[in-house]
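The values are calculated or read from the model by the stated rules, or taken from the named source; none is laboratory data. Bear in mind that the values here come from a model prediction, so they are computed numbers and not experimental data. FYI the Cβ positions are ideal-geometry reconstructions off the backbone, even for glycines, and counts take in every protein chain you see. When the accessible area is computed, the model is the full protein with side chains, heavy atoms only, and any ligands, DNA or RNA have been set aside. Shrake-Rupley method; radii C 1.70, N 1.55, O 1.52, S 1.80 Å.
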Amino acid sequence: DTAVSQTPKYLVTQMGNDKSIKCEQNLGHDTMYWYKQDSKKFLKIMFSYNNKELIINETVPNRFSPKSPDKAHLNLHINSLELGDSAVYFCASSQPGQGEETQYFGPGTRLLVL
Amino acid sequence: DAKTTQPTSMDCAEGRAANLPCNHSTISGNEYVYWYRQIHSQGPQYIIHGLKNNETNEMASLIITEDRKSSTLILPHATLRDTAVYYCIVSIDSSYKLIFGSGTRLLVRP
């Protein structure tokens, strides 16, 4: 059973398009995250949701809009895609408590904007 | 910015212990030390974490110095599948995010 899953695994699209990436976790965790890993391999937090509420937004352009229909899902919608959005996007989840924020990551979605 | 510094790369022979150092001289009293790794093209994977005491699990051991300003991740018998980028991260109780640095690229040689 996959703990954190993402779809699609690969996404190739043209500049200016709108696309969504989906994430689901079956761990019963309250918190979910989106990270971006760019071509230089730096992994950076974008958003975090706790029980469907946004708790972290790391100065991400407002073209990126996360949506959490329930605590098991955190989807990422991107409007007007730009070349610089090409990256690998990782979803993660955790169950915070007393500092033990072990995060479980999905396999990643490789986005290429042409 | 990451609060840790790690060597850019290391290598070790298969079957030998891999010792990966990490400096975190500005660590606060309530911050944990976490280790994650990222095998090529996969999502990061949790390895181990600790606060003050040394820790051991089925994957690795974590040795934290008494002043908590540095730590060492030990893979006791490295295999080729342990080739990955290893990230040392410090995180406070109330934080909901992990700040990844550039990590250490470990190459396990046959």
Unmet criterion (only one of (1) open to solvent by less than 60 Å² (accessible area, probe 1.4 Å); (2) modelled with pLDDT of 95 or more; (3) more than 23 Å from A:Ala87 (Cα to Cα)) for B:Val33: (2)
Odd one out for B:Asn19 among (1) open to solvent by 10 Å² or more (accessible area, probe 1.4 Å); (2) within 8 Å of chain A (Cβ to nearest Cβ); (3) in contact (Cβ under 8 Å) with a residue 24 or more places away in the chain: (2)
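Which ones in the range A:1-35 are farther than 21 Å from A:Ser80 by Cβ and hydroxyl-bearing (Ser, Thr, Tyr)?
Matches in the range A:1-35: A:Thr2, A:Ser5, A:Thr7, A:Thr31, A:Tyr33, A:Tyr35.
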Exclusive hit being open to solvent by 20 Å² or more (accessible area, probe 1.4 Å), within 14 Å of chain A (Cβ to nearest Cβ) and touching a helix residue (DSSP H, G or I) at 6+ places or on another chain (Cβ under 8 Å), set B:Ile99, B:Ile39, B:Ile92, B:Ile27: B:Ile39
Those residues of the range A:1-44 which are at pLDDT below 95, aliphatic (A, V, I, L, M) and surrounded by fewer than 21 Cβ atoms within 10 Å (Cβ to Cβ), in sequence order: A:Ala3, A:Leu27
Among (1) assigned to a strand (DSSP E or B); (2) within 11 Å of chain B (Cβ to nearest Cβ) - the single one A:Thr102 does not satisfy: (1)
Hits in the range A:54-92 (condition: within 11 Å of another protein chain (Cβ to nearest Cβ) and either assigned to a loop (DSSP other than H, G, I, E, B) or open to solvent by less than 50 Å² (accessible area, probe 1.4 Å) (or both)): A:Ile56, A:Glu58, A:Val88, A:Tyr89, A:Phe90, A:Cys91, A:Ala92
Test set (1) closer than 18 Å to A:Ile45 by Cα; (2) in contact (Cβ under 8 Å) with a residue 12 or more places away in the chain - B:Ile47 fails condition number: (1)
Selection within the range A:3-53 - of a type in the set (Ser, Thr, Tyr) and away from chain B (no Cβ under 11 Å): A:Thr7, A:Tyr10, A:Thr13, A:Ser20, A:Ser39
Residue that is more than 11 Å from every other protein chain (Cβ to nearest Cβ) and surrounded by 14 or more Cβ atoms within 10 Å (Cβ to Cβ), where the choices are B:Thr83, B:Thr79: B:Thr83
Residue list for the range B:50-84, filter: of a type in the set (Asp, Glu) and touching a residue at least 12 places away in the same chain (Cβ under 8 Å): B:Asp82
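Among strands (runs of 3 or more DSSP E) lying entirely in the range B:1-93, which contain 2 or more residues that are in contact with a Lys or Arg (Cβ under 8 Å, 6 or more places away or on another chain) and of a type in the set (Ser, Thr, Tyr)?
Output list reads B:84-91.
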